[in-house]
Every structure is written in C-alpha cells, then in structure tokens.
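The values are calculated or read from the model by the stated rules, or taken from the named source; none is laboratory data. Only a predicted model underlies this, so the values are computations on that prediction, with no experimental measurement involved. Every residue, glycine among them, receives a Cβ derived from its backbone with ideal geometry; neighbour counts consider all protein chains shown.
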C-alpha cells in the first residue's frame, strides 16, 4: 500500500521519504474550503508552486502530488504551473459531474498523472457516469467533505455503511487504482488505526493518507524527531497491513463488523453531543 503525507518542509519530507512514504502531498486547495469545513477541525493549508519546486529538488525518489482548486476560470493556469514546478500527479477536488472531470482531464492533456477526489454527494450520485467517462489514472474517496455533503455525523460512516464498498467496486471494474481517507498512528486514535487499515485491505485499497498526527505539524526536523520516531510509526502501520493480509474470511468479516460497531458508537456520541449543544444554545 502506498502512503501519502502532507508537508512542504524539505528536511521533513526527506525524513518522511526515508521512513517509507512514497508520495508527498502538497495542498493548494483554498476555494470554498474555509466555508464548508468551518467546524470540521481539518487543516486548511496555503501551500504554493514554489513548495512543489523545492520538494522536487530535495526528494530522491518520492513523488510529489499537488491538490489544486476545484474547476474555475484559472484551472488551466494552475495545472500548467503545477507541471512546470515538477508535480508528478495532480489531484482534482470537489467536482460534481463527469463534465468537470472531462474538462480537468482535457486541461492536463496526459502530461502528468491525474487523481480525482470523490468528495461530493453529486459525484457519488453520478459515479457510474464518471467511471464510464474515465481518462484519469487514480481515484481517492475523500471522507471529510463526503461526510459534510451527505450530512453524516462521522467521516467513517460512509465506509461502515457500505458506500465506499460500492465506490471501490466501481473503481475495480474500471481498472483504476484507488484509496480512501486517512489514518492516524497505531494505538493512538479513538477509532483504531488497526480497524481502519483492515478495512483498506478488505476493500483492496492501494493508498492512504497518513494524518498530521504522524508529524504533529512540526516546523523543522528537530521538532519532528522530538515529537515522534517517524520510521517506527510507519513500520507499525506496515505491520498491521501485513497481518491484515493474512486473515481468514471469517476474521475479515469479524473485523469489519467490529469496525462498523465502533463507527456507529462514535457517530452516536457525536450526534448526542451536537444535540446537547443545540439545546444549550436554545436556552
């Protein structure tokens, strides 16, 4: 499985690469994001084309993927500048139709790899048409915005409820490599990384984003090494994946049911907390 991690600090990116992460993720998506993710506790970055250039000069073998903005009048310029800066792959976010995907593919014109980010209810509703159109190299199913557009309480509900199963099956049928969501450090999260990774293996996922808890938003190499032994943490993830691949069918089903139960419990906690806050606000 391929790991992706967001950072634009060259010395940290080198450490990340040495730990076995094969793709550095640069994020320039800002259009509409602060509004739709205002209360989602997700970081909004202000990365640049210069960050891409700097990383490409520093890294030895890891790829650089750049997430641009949703389709707008400046998309052609963003794509051209991303390619000029050395991006190996461009991620296209927040599309709602096959027409937007077709336009993105046309603008890239086979110059670099393309990754389309399914994260709207409209895109999900039109998934069959989008996969029939094709032309893209990779797909990632984004759980944060998908939770918001579907009105769910917890981002992993789309996995537990079977929606991501269906989307993965479409990607498989289309022969497109795919991944979904992100994962935290083993043994550190409310929803265990072990259960999440086991679902990735069950669904045939080929890539996952390592969340910011892997670097703690460190600003330099010293801060990173003080915060975490990154190579050790990535190796823990690899070990979980290795063991997950050796499960029997009964174990796979049991683990998936455990994942679903854990997600339902967390979603219920979030829902009850939100209801309580609304009651207090109405007093």
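Figures for the structure shown
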| quantity | calculated |
| --- | --- |
| Near pairs, Cβ below 8 angstrom, 6+ apart or cross-chain, from region 128-148 (touching a residue at least 12 places away in the same chain (Cβ under 8 Å) and at positive phi) to any residue that is surrounded by fewer than 20 Cβ atoms within 10 Å (Cβ to Cβ) and outside any loop (DSSP other than H, G, I, E, B) | 134/174; 135/102; 135/105 |
| Residues (at pLDDT 95 or above and closer than 18 Å to residue 219 by Cα) located in region 29-66 | 48, 50, 51, 52, 54, 55, 58, 59 |
| Hey, residue 204 modelled with pLDDT under 95, touching a helix residue (DSSP H, G or I) at 6+ places or on another chain (Cβ under 8 Å), surrounded by fewer than 17 Cβ atoms within 10 Å (Cβ to Cβ) and assigned to a loop (DSSP other than H, G, I, E, B) or not | no |
| From 233, 253, 277, residue being within 23 Å of residue 25 (Cα to Cα) and part of a helix (DSSP H, G or I) | 233 |
| Where residue 106 falls short, out of the listed (1) out of contact with any helix residue (DSSP H, G or I) (no Cβ under 6 Å at 6 or more places or on another chain); (2) under 14 Å from residue 68 (Cα atoms) | (2) |
| Enumeration of residues in region 57-81 that are without any contact (Cβ under 8 Å) to a residue 40 or more places away in the chain, touching a helix residue (DSSP H, G or I) at 6+ places or on another chain (Cβ under 9 Å) and assigned to a loop (DSSP other than H, G, I, E, B) | 71 |
| Tabulated pairs, region 207-234, first without any contact (Cβ under 8 Å) to a residue 40 or more places away in the chain and at positive phi, second surrounded by fewer than 19 Cβ atoms within 10 Å (Cβ to Cβ) and in a helix (DSSP H, G or I), C-beta under 7 angstrom, 6+ apart or interchain | 216/227 |
| Matching residues in region 149-167 - criterion: being assigned to a loop (DSSP other than H, G, I, E, B) and over 16 Å from the mean Cα position of the chain (by Cα) | 151, 152, 153, 161, 162 |
| Test: residue in region 85-102 that is modelled with pLDDT of 95 or more, in contact with a strand residue (DSSP E or B) (Cβ under 8 Å, 6 or more places away or on another chain), over 30 Å from residue 149 (Cα atoms) and crowded, with 17+ Cβ neighbours inside 10 Å | yes |
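Residues are listed down the side, and each one gets a yes or a no for (1) in a helix (DSSP H, G or I); (2) more than 16 Å from residue 97 (Cβ to Cβ):
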position	(1), (2)
123	yes, no
144	yes, yes
169	yes, yes
180	no, yes
190	no, yes
198	yes, yes
208	no, yes
